[in-house]
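**Q** Could you have a look at this structure, given as structure tokens, before my questions?
The values are calculated or read from the model by the stated rules, or taken from the named source; none is laboratory data. Here the structure is a predicted model, which means the values were calculated and not measured. All Cβ positions, even for glycine, are placed from backbone atoms using ideal geometry, and neighbour counts span all protein chains on display. Ligands, DNA and RNA are stripped out before the accessible areas are found, and what is left, the full protein with its side chains, is counted by its heavy atoms. Shrake-Rupley method; radii C 1.70, N 1.55, O 1.52, S 1.80 Å.
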Amino acid sequence: MSTETIAARVDAALDQHIADLKEFVGIESVSADAFDQATLQDSAQWVARQATRLGLTTEIIELETSSGLVGRPAVLAHRPATPGKPTVLLYAHHDVQPPGDAADWDSPAFAAEVRNGRLYGRGSADDKAGVLVHLGAIAAADPGVGIRLFVEGEEEIGSPTFVDFLKVYRQQLAADVIIVADSSNWKVGIPSLTTSLRGVVRLDVTVRGLDHALHSGMFGGPALDAVVLASRLIATLHDEHGDVAVPGLLGYDTTEVDYPEDELRRDAGILDGVKLAGSGSFTSRLWTKPAISVIGMDVTPVDMASNTLIPAVNMAISLRVAPGQDSAQAGDILAAYLRANAPLGAQVDVAVSESGPAFEAGEDTPAAQMFRDALEQAWGVEPVDIGQGGSIPFIADFAEQFPDAQILVTGIEDPDTRAHGANESVHLGDFRNAIVAEALFLTELGK
């Protein structure tokens, strides 16, 4: 089947795919515990219905682990390969992040709206578009390869039952090629394969200097409040250039893709006059060097402030780990550093609460080259291999459980997507091209 025939199939169904995506976004499938978990059953059933219509044998699974943890509903669907043909596992997730403050959205988070060639709504890109790309590609591709579709419902909370799921359903998931549709493209109009991902570690930190709150006038001076003490500790994490200054955390300046500063500033929304941190190429700072951020801190709100020295501060610190370094080891290094550099002898308690591995694709594979060719045919431009500063820890789990499978990491996001933030969106032109590319790949692989 020719490229033109597959593209024509996708174009003929594109309006329906967009309508399906709008309907899918309307399901408020937030997996965070504070939200109604019944919505995840709704979104899983929606995916299952779509897969069944494509002729796949489908089931919804809520795995109970040996420890008693019950997973969110996952969809597992399959179609056997024609004898002698390979099998492909297509992964995506149907759960989404919380919407945040409704006032920050230009249109309701769960009422998808198309504006200027983009479809807006929570999950529109991360990762409901990924689900629709798989479904659309299955529909448009020339049959032959075996299809195993795995759409989980707990990625946004760290996939707590993922490894157990891979082990229990190993036979049903085993494949020659795994396509993960949960990453991004380099830019609108320029497709990508993701070949590296940073790992992630979260540390919960408490800095304490007093055993109780004090009047700031009576004791301020010799006694410092915990916010100041914590700030002094935070300030040691980076050097004068903004590079991470914690000994033992690895980083590399080896990326080949150029990211012009003006484009980075625009894509990130960095204010005029704010200098960019770190040294080396911008892509290495984003993909192959560590990053440390304070993502949460418990302090007194301004409208509740009084002349009081706060005795203790709790913080959440996020560490992004360069590919090639073990995330658990990196977390231990940072935890030891924080304890050893307690300002003015303050008590610093540290606990590692989350750790996810980095990923490196390693040597090129035949499947990767075949997918690049499909991307180029679909977009009409040469694709770019990229890294990601964010983390998808379960990809390393796929690699461990299925060491012989060729893993391809793709996606439909772009620098304007704003995944996890207000006004998340997907570019509909790239959405169409992603379906064409995956359908071309499945068809070519079947040959």
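**Q** Restrict the check to region 150-170 and report whether at least one residue is of a type in the set (Gly, Ala, Ser), over 21 Å from Ala396 (Cα atoms) and touching a Ser or Thr at 6+ places or on another chain (Cβ under 7 Å).
**A** no
**Q** Does at least one position in region 24-45 carry a residue that is on the phi > 0 side of the Ramachandran plot and not in a helix (DSSP H, G or I)?
**A** Scanning region 24-45 turns up no residue that is on the phi > 0 side of the Ramachandran plot and not in a helix (DSSP H, G or I).
**Q** Now for a separate question. Would you confirm whether or not region 253-266 contains a residue that is modelled with pLDDT of 95 or more, among the aliphatic types (A, V, I, L, M) and not in a helix (DSSP H, G or I)?
**A** There is no residue in region 253-266 that is modelled with pLDDT of 95 or more, among the aliphatic types (A, V, I, L, M) and not in a helix (DSSP H, G or I).
**Q** Might you check whether a residue that is under 23 Å from the mean Cα position of the chain (by Cα) and in a strand (DSSP E or B) occurs anywhere in region 82-89?
**A** Yes, region 82-89 contains at least one residue that is under 23 Å from the mean Cα position of the chain (by Cα) and in a strand (DSSP E or B).
**Q** Now for a separate question. Could you pull out the residue among Ala335, Ala340 that is within 30 Å of Leu224 (Cα to Cα), among the aliphatic types (A, V, I, L, M) and open to solvent by 50 Å² or more (accessible area, probe 1.4 Å)?
**A** Just one listed residue meets the conditions, Ala340.
**Q** I've got another one for you. For region 215-228, give me each residue that is open to solvent by less than 30 Å² (accessible area, probe 1.4 Å) and part of a strand (DSSP E or B).
**A** Correct list: Ala223 only.
**Q** Run down Gly199, Gly217, Gly209 and say which single residue is over 21 Å from the mean Cα position of the chain (by Cα) and modelled with pLDDT under 95.
**A** After ruling out the rest, the residue left standing is Gly217.
**Q** In region 149-182, which residues are part of a strand (DSSP E or B), of a type outside the set (Val, Ile, Thr) and open to solvent by less than 10 Å² (accessible area, probe 1.4 Å)?
**A** Residues satisfying the conditions are Leu149, Phe150, Glu152, Ala181.
**Q** Here's a follow-up. Could you tell me whether any residue of region 133-143 is in contact (Cβ under 8 Å) with a residue 24 or more places away in the chain, open to solvent by less than 10 Å² (accessible area, probe 1.4 Å) and among the acidic types (Asp, Glu)?
**A** no
**Q** Within region 94-115, is there a residue that is polar (S, T, N, Q) and open to solvent by 60 Å² or more (accessible area, probe 1.4 Å)?
**A** No, the conditions are met nowhere in region 94-115.
**Q** Shifting gears a bit: Just to be sure before I move on: is Lys275 over 25 Å from the mean Cα position of the chain (by Cα) and of a type in the set (Lys, Arg) in the structure I sent?
**A** Yes, satisfied.
**Q** With respect to Asp211, is the statement that it is among the charged types (D, E, K, R) and surrounded by 15 or more Cβ atoms within 10 Å (Cβ to Cβ) true?
**A** It is false that Asp211 is among the charged types (D, E, K, R) and surrounded by 15 or more Cβ atoms within 10 Å (Cβ to Cβ).
**Q** Still on this structure: Any idea how many residues of region 40-60 are of a type in the set (Gly, Ala, Ser) and surrounded by fewer than 16 Cβ atoms within 10 Å (Cβ to Cβ)?
**A** So the answer is 1.
**Q** Moving on. Quick check on region 229-238: of everything there that is farther than 18 Å from Gly296 by Cβ and not in a strand (DSSP E or B), which residue is nearest to the chain's Cα centre (by Cα)?
**A** Among them, the one singled out is Thr236.
**Q** Can you list residue pairs whose Cβ atoms sit under 6 Å apart, with the first residue in region 197-220 being among the hydroxyl-bearing types (Ser, Thr, Tyr) and the second being assigned to a loop (DSSP other than H, G, I, E, B)? Count only pairs 6 or more apart in sequence or on different chains.
**A** Qualifying pairs under 6 Å: Ser216/Asn307.
**Q** Does Ile27 meet the test of being within 21 Å of Asp182 (Cβ to Cβ), aliphatic (A, V, I, L, M) and open to solvent by 40 Å² or more (accessible area, probe 1.4 Å)?
**A** It is false that Ile27 is within 21 Å of Asp182 (Cβ to Cβ), aliphatic (A, V, I, L, M) and open to solvent by 40 Å² or more (accessible area, probe 1.4 Å).
**Q** Take region 283-294 and flag every residue that is free of Cβ contacts under 8 Å to residues at least 40 places away in the same chain and open to solvent by 40 Å² or more (accessible area, probe 1.4 Å).
**A** Residues satisfying the conditions are Arg285, Ser293.
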